[in-house]
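Each remark here refers to the structure printed beneath this line.
The values are calculated or read from the model by the stated rules, or taken from the named source; none is laboratory data. Just so you know, these numbers come straight off a predicted model, no measurement behind them. Counting neighbours? That spans all protein chains shown, and the Cβs are built from the backbone with ideal geometry, glycine included. These accessible areas exclude ligands, DNA and RNA; they are computed on the full protein's heavy atoms, side chains included. Shrake-Rupley method; radii C 1.70, N 1.55, O 1.52, S 1.80 Å.
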Amino acid sequence: MKKIFLITVVFLNLLSLSSCDNELELNNPNTLTTGQYWATESDAQAGINSAYAMFYKDGMWARWIYFRLDLTSDEGFSQSPWIELADWTRFNYINYNFWEGNSVTWRDTYKAIFRCNQVIANVPKIEFKNEVDKKNILAEAKFLRALNYYYAAILWENIPIVLEPSTPNDRPEQKNITEVWKQIETDLNDAYTDLPTEWSSSQTGRPDKGAAKAMLAKVYMQQRKWPEAKTALEYLITGSGAKYSLVANYRDNFTDVNENNNESVFEIQFGDQRKGGTGEDPSAAVSSNRAQFFAPRSIGWSDGQARYWLVEGSK
C-alpha cells in the first residue's frame, strides 16, 4: 500500500511540474514575435531598413570588408605588423578563424542576407495601400541580398546559398561559385523589374534600376561574360537609364561635399551624426573607419597604404 501511495505522489508531482513548465512558457509582452511583427506597411519598411543598417557593422562597410578589399586591390597594400592584415596583400590566408577580417565579415554578411530573406518571405502577405510600394521593398531586398552574395562570392567563392529565413539549427550546403553567380543574376534581374527609375531626394541611398544593371554588369564581368556585361551597361550609357555623366573635376568623387553626384550609381550613405558603437541600439554609428586605417600613425593606424602610382597620379 505504501509503495502504491509513493508512486501516486511521484506521478502527481510530475503532473504538477509539467503544468508549471507550461505556465512558465509565456511570451514576453514587451517583445514582438515574428508572427506578431510582419503585419503593417511600417513593419515592412522597418524590415528593409534593417537590411541597410548592416552596411554599418564591423564586418561590413564600417570597417573590415572595406579594408580587406582595399588591401587585395591594385590600389592598396599593407606593411602592418599585424601579420593577418599584411597577409591579405600577399594573398596568404593561413588563419581562417581570424575574427577581425574574416569571421566577423562572414557573420555580418549572412546576418544581412537573413534580414533580406525575412523581408522577401514576410512582406508579400502584408496589405499595402499602394502595391508599387510593396514591389519596391521586395526589389530592394533582392538587390541587397544580391549585393551581399556578390561580395561573399568575391571573398570566399563556394558558399552556402540561403534563400529563406534561417534558424539556429540550419546547416546549409556549400554551393559551387557558378550557382552563386546564377542566384545573384536572378535576384538582380528580379530587382530591376520592380525598382523605380529614380527615388525622391528624401530616399537617397536606395537602389534604382541603374544600380541593378550596374551590379549585374559587375557579376557578368566576374564570369568574363563580356557581351552580357556590355548589354547591362548600355542601359546606363545609351539606354533609357542614361541619366549619368562625368563630373567636371574627378576629385569631386572623393570628398564629402560632392556625394551622390552625376557619376553616382549606388552609394552607401555614411555620416557622423551618431557617435555610438556598431551594435543594434538606436544610437549606433553610421560612419566608417576606412580613413583611420590608412592615416599616418600620428593620426590613425597606418595598417594600409595607397600604392605610390595612385598617389603620384592624383597630383
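Could you list, in sequence order, all residues of the stretch 124-158 that are within 24 Å of K213 (Cβ to Cβ) and aliphatic (A, V, I, L, M)?
V132, I137, L138, A139, A141, L144, A146, L147, A152, A153, I154, L155, listed by residue number.
For the stretch 114-152, give me each residue that is touching a Ser or Thr at 6+ places or on another chain (Cβ under 9 Å), in a helix (DSSP H, G or I) and open to solvent by 10 Å² or more (accessible area, probe 1.4 Å).
F114, R115, Q118, N122, K135, K142, N148, Y151
Kindly indicate the residue of the stretch 291-300 that is open to solvent by 80 Å² or more (accessible area, probe 1.4 Å) and at pLDDT below 85 and also nearest to the chain's Cα centre (by Cα) among those meeting that condition.
Among residues in the stretch 291-300 that are open to solvent by 80 Å² or more (accessible area, probe 1.4 Å) and at pLDDT below 85, the one nearest to the chain's Cα centre (by Cα) is R297.
Considering only the stretch 37-63, how many residues are open to solvent by 10 Å² or more (accessible area, probe 1.4 Å), closer than 12 Å to K111 by Cβ and assigned to a loop (DSSP other than H, G, I, E, B)?
2
Mind checking which residues of the stretch 215-253 are assigned to a helix (DSSP H, G or I), buried (at least 18 other Cβ atoms within 10 Å of the Cβ) and touching an Asp or Glu at 6+ places or on another chain (Cβ under 9 Å)?
L216, A217, V219, Y220, listed by residue number.
Which condition breaks for S283 when tested against (1) outside any helix (DSSP H, G or I); (2) surrounded by 11 or more Cβ atoms within 10 Å (Cβ to Cβ); (3) in contact with a Lys or Arg (Cβ under 7 Å, 6 or more places away or on another chain); (4) not aliphatic (A, V, I, L, M)?
So S283 meets the others, but not (2).
So which residues in the stretch 89-128 are more than 27 Å from D43 (Cα to Cα) and in contact with a Lys or Arg (Cβ under 6 Å, 6 or more places away or on another chain)?
G101
Kindly check whether there is at least one residue in the stretch 71-83 that is assigned to a helix (DSSP H, G or I), open to solvent by 20 Å² or more (accessible area, probe 1.4 Å) and aromatic (F, W, Y).
no
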